[in-house]
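Participant: One structure coming up, written as structure tokens, with questions to follow.
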Amino acid sequence: MTDLHTMLEKIDALGPPFRIGTRSAANTVSDDAAEVDWFAAAELCDPTSGQTQRMIELHARHRQMPVARHVGSLVFQRYCHRVCGVATAAWVLYGVALDLRAPSVRVRFVAGTPDLLVLDAPKARTDATPEHLLETTVDGHLTPLAQNVRAETGPGMGNLLGNIAAGFAGAFRTLARRSDLNLDAHTLREHAQELLSARPELRRSGDFRILTGPCGPRLQYDRRTCCHWYAAPDGRYCSWCSRLTQEERTKRFQDAMAEE
């Protein structure tokens, strides 16, 4: 297996939503950068710490939104994209399940939004199965956090589980667009379906399909729940939004492929 630190560097070099670093990343933001905040994932998953509320309030302030279910869903969606993105890249590209359980992770927020995961003591399981990946990422991190978000602001667990599924789906979609990685969209769809099918509650959250654009086949995803981005002052419907018709989503997917 590739050296773990080298692997993390290569994943981080993919850019958002795959930003990942080790302890030294805590010192990479200059004093003149946008507002920076740090959260320990273990505290976010602790309902007595008050950190989930602080995270939601921080995101609400930057988005100029009230502290309510819409902003709770939005910040959790952004958070899921980062955690699921890193987990997916490590599994697809290197066959490992990174230890992304809450006690292992800190998260840097820039301008109120999750920007970077930091692992103080990186560990990974080789020859990882979907269950290995989901145990560390979902059971040991995202589900406890989702329960706290629900308690603070009110999004239902169906909505928040849909955000987790979309976090994984978004990572697979992004990898499929990376021509430098030479990943086949059909193979990625098989991996994505295998992963989400390991948990019925995630599998029910949406469907994958492949459309062909000017640059070849691309993996797409149709959500069955909404992250509520439309409720933000600068918001709109995502291309995969459940509030759009099948025809509207297809048109947005085609427009995005035409711009590659």
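The values are calculated or read from the model by the stated rules, or taken from the named source; none is laboratory data. Everything numeric here is computed off the predicted structure, so don't read it as measured data. Quick reminder, even Gly has a Cβ in these numbers, built from the backbone with ideal geometry, and neighbours come from all protein chains shown. Heavy atoms of the whole protein, side chains included, go into the accessibility calculation; ligands, DNA and RNA do not. Shrake-Rupley method; radii C 1.70, N 1.55, O 1.52, S 1.80 Å.
Participant: So which trypsin sites (Lys or Arg not before Pro) in the range 100-159 pass both tests, a DSSP loop state and at most 15 other Cβ atoms within 10 Å of the Cβ?
Facilitator: On the way: sites: Arg101, Arg106, Arg108, Lys123, Arg125, Arg150; in loops: Arg101, Lys123.
For trypsin sites (Lys or Arg not before Pro) across the range 100-159 that sit outside H, G, I, E and B with at most 15 neighbouring Cβ atoms in 10 Å, the list reads Lys123.
Participant: Report the equivalent ellipsoid semi-axes for the range 46-96 in whole Å, largest first, defined as the square roots of five times the eigenvalues of the gyration tensor built from alpha carbon atoms.
Facilitator: On the way: eigenvalues 153, 35, 10 Å².
Calculated on Cα positions only, the semi-axes equal 28, 13, 7 Å.
Participant: Provide, for q = 0.09, 0.15, 0.17 Å⁻¹, the log10 of I(q)/I(0) from a solvent-free Debye sum over equal Cα point scatterers in the range 140-260.
Facilitator: Taking Cα atoms of the range 140-260 as identical point scatterers yields -0.26, -0.72, -0.90.
Participant: Post the alpha-carbon centroid distance, the range 208-233 to the range 79-145, in whole angstrom.
Facilitator: That distance is 22 Å.
Participant: From the Cα gyration tensor of the range 15-170, with a ≥ b ≥ c the square roots of its eigenvalues, which class applies: rounded if a/c is under 1.5, or else prolate if a/b is larger than b/c, or else oblate? Show your work: numbers first, answer last.
Facilitator: On the way: a/c = 1.75, a/b = 1.22, b/c = 1.44.
Since a/c reaches 1.5 but b/c is at least a/b, the shape of the range 15-170 is classed as oblate.
Participant: Which residue, chosen from Ile11, Cys241, Ala151, occupies the Cα position most advanced towards the positive end of the dipole of the chain, where the dipole is computed from +1 (Lys, Arg) and -1 (Asp, Glu) charges on Cβ about the Cα centre?
Facilitator: Cys241
Participant: For the range 173-260, what does the accessible surface come to per residue with a 1.4 Å probe? Please give it in Å². Walk me through the intermediate numbers first.
Facilitator: On the way: 4690 Å² over 88 residues.
I get 53 Å² per residue for this part.
Participant: At most 16 other Cβ atoms within 10 Å and a DSSP loop assignment: could you name the trypsin sites (Lys or Arg not before Pro) in the range 156-244 that fit?
Facilitator: Here the trypsin sites (Lys or Arg not before Pro) that fit, given the DSSP loop and packing criteria, are Arg178, Arg204, Arg224, Arg236, Arg243.
Participant: Using a 1.4 Å probe on the protein heavy atoms only, what accessible surface does Val92 show? Give it in Å² to the nearest 10.
Facilitator: Roll a 1.4 Å probe over it and Val92 shows about 30 Å².
Participant: At a threshold of 8 angstrom on Cα-Cα distance, excluding pairs fewer than six apart, so keeping six or more, what relative contact order does the chain reach in percent?
Facilitator: 20
Participant: Give the accessible area for Asp3 in Å² (nearest 10); use a 1.4 Å probe, count only protein heavy atoms, and leave out ligands, DNA and RNA.
Facilitator: 90
Participant: Might you tell me the accessible area per residue for the range 84-172, computed with a 1.4 Å probe and given in Å²?
Facilitator: That works out to 28 Å² for each residue.
Participant: Tell me, what % of the accessible area of the range 35-172 is carbon and sulfur with a 1.4 angstrom probe?
Facilitator: Here it works out to 47 percent.
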